[in-house]
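The values are calculated or read from the model by the stated rules, or taken from the named source; none is laboratory data. If you're wondering where the values come from, they're calculated on a predicted model, not measured in any experiment. Cβ atoms come from the backbone with ideal geometry, glycine included; neighbour counts cover every protein chain shown. Ligands, DNA and RNA are stripped out before the accessible areas are found, and what is left, the full protein with its side chains, is counted by its heavy atoms. Shrake-Rupley method; radii C 1.70, N 1.55, O 1.52, S 1.80 Å.
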Amino acid sequence: FCNRMRKNIKHIKRWAKREGVQCYRVYDADLPDFSMAIDLYHDENLQGYVHIQEYQAGPNVDPRKAETRMFEALQGVHQVLDIPLENIHTKVRKKQKGENQYGKLADSMHYHAVQEGPAQLYVNFEDYLDTGLFLDHRLMRAKVAEASKGKTLLNLFAYTCSASVQAVLQGAKMVTSLDMSKTYLDWGKRNFELNKLSTKKHPFIQEDCLKWLDTNKEKFDVIFLDPPTFSNSKKMEETLDIQRDHVSLIKLAMQSLKPDGQLFFSNNFRRFKLDEALSIRHDCQNISHLCLPEDFKRRPNIHHCWVIKFK
């Protein structure tokens, strides 16, 4: 495990320095016995933090053995990356349901500002399953921001609004961020304030995206649609399954897009297949290969990305 970590970090560190990337993945279940994703973050003072997410062991794996593996990984990461143990955070990643998808794990309120391109963004390693910043979407956020220069952007399932921040910093005229979670929208507002951006000029809307799209009459130049793979939150009237529901979801989103606009659609369901009916109706360009960062190339199916336009 330590040898693999050393090999990975040697390659990734050179790339990260060259590209100016300060938060990146250094290991992703490369070895079967160590089934975990390991991300390295540097804050504004270049202090290092590690976020380890262990993929849940199968029912045939001895829990004590899994615990030992995690302890060994913790020691290995500490040794190889030279990160203090108190800056290494561990989670177990398993299928989440309902409110558990977004529920709190702790209440530390420890937020760290990290840099991504021109943006500073807050991350939290202790309180939630995810840190507040999906590193695999780094290039997708950059593409959305680039396309939004001088234009209006609708960011659906906005989470902590990192894509919204990037877009405004790139010169977007107006960005509307929509999410069901007040917690994440408040986090998004703090991300705006961290970058000295107006939270008055750019709307934050707490609502079920599907319900809002159904009644919305406003049209946008660019839409970013990055839904969860599955959701059955109590705040939603129905469940959302991205493979089953993506056609109706995209159709709804396209109703809010200007005739010459672009819809950026992405999801993290590894076995996802875009329905052929969408390609018949719209111009659908698969840009997954253009949105796969160097630090995620060991898992090329980690996410799927499209640009969708009217024909």
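Just to be sure before I move on: is Val165 farther than 23 Å from Tyr111 by Cα, at pLDDT 95 or above and either touching a Ser or Thr at 6+ places or on another chain (Cβ under 8 Å) or not in a loop (DSSP other than H, G, I, E, B) (or both) in the structure I sent? Criteria not met by Val165.
Conditions tested, residue by residue: (1) modelled with pLDDT of 95 or more; (2) not in a loop (DSSP other than H, G, I, E, B).
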{"residue": "Tyr41", "(1), (2)": "yes, yes"}
{"residue": "Asn45", "(1), (2)": "no, no"}
{"residue": "Gln53", "(1), (2)": "no, yes"}
{"residue": "Ala57", "(1), (2)": "no, no"}
{"residue": "Lys65", "(1), (2)": "no, yes"}
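Taken residue by residue, the stretch 221-228 has no member that is open to solvent by 10 Å² or more (accessible area, probe 1.4 Å), within 23 Å of Asn268 (Cβ to Cβ) and part of a helix (DSSP H, G or I). Under the condition of being open to solvent by less than 30 Å² (accessible area, probe 1.4 Å) and farther than 16 Å from Lys311 by Cβ, the residues counted in the stretch 272-291 number 4.
With respect to His202, determine if the residue is open to solvent by less than 10 Å² (accessible area, probe 1.4 Å) and part of a loop (DSSP other than H, G, I, E, B).
yes
Of the set (1) over 22 Å from the mean Cα position of the chain (by Cα); (2) without any contact (Cβ under 8 Å) to a residue 60 or more places away in the chain, all apply to Phe204 but (1). Just for the stretch 133-156: of the residues that are in a loop (DSSP other than H, G, I, E, B) and touching a helix residue (DSSP H, G or I) at 6+ places or on another chain (Cβ under 6 Å), which one is farthest from Thr183 (Cα to Cα)? Only one residue fits best here, namely Ser148. Scanning the stretch 158-192 for residues that are open to solvent by 40 Å² or more (accessible area, probe 1.4 Å) and within 18 Å of the chain's Cα centre (by Cα) yields a count of 5.
Once the stretch 9-31 is narrowed to residues that are within 28 Å of Asp127 (Cα to Cα) and out of contact with any helix residue (DSSP H, G or I) (no Cβ under 9 Å at 6 or more places or on another chain), the residue that is least open to solvent (accessible area, probe 1.4 Å) is Ala29. Selection within the stretch 8-40: residues that are under 20 Å from the mean Cα position of the chain (by Cα) and among the charged types (D, E, K, R). The member of this set that is farthest from Phe296 (Cα to Cα) is Glu19.
In summary, Ala253 fulfils each of the numbered conditions (1) within 15 Å of Ile308 (Cβ to Cβ); (2) open to solvent by 30 Å² or more (accessible area, probe 1.4 Å); (3) within 20 Å of the chain's Cα centre (by Cα) with the single exception of condition (2). Residues in the stretch 238-249 include none that are open to solvent by 70 Å² or more (accessible area, probe 1.4 Å), on the phi < 0 side of the Ramachandran plot and in contact with a Lys or Arg (Cβ under 9 Å, 6 or more places away or on another chain). Within the stretch 43-76, restricting attention to residues that are more than 23 Å from the chain's Cα centre (by Cα) and in contact (Cβ under 8 Å) with a residue 60 or more places away in the chain, the residue that is most open to solvent (accessible area, probe 1.4 Å) is Glu72.
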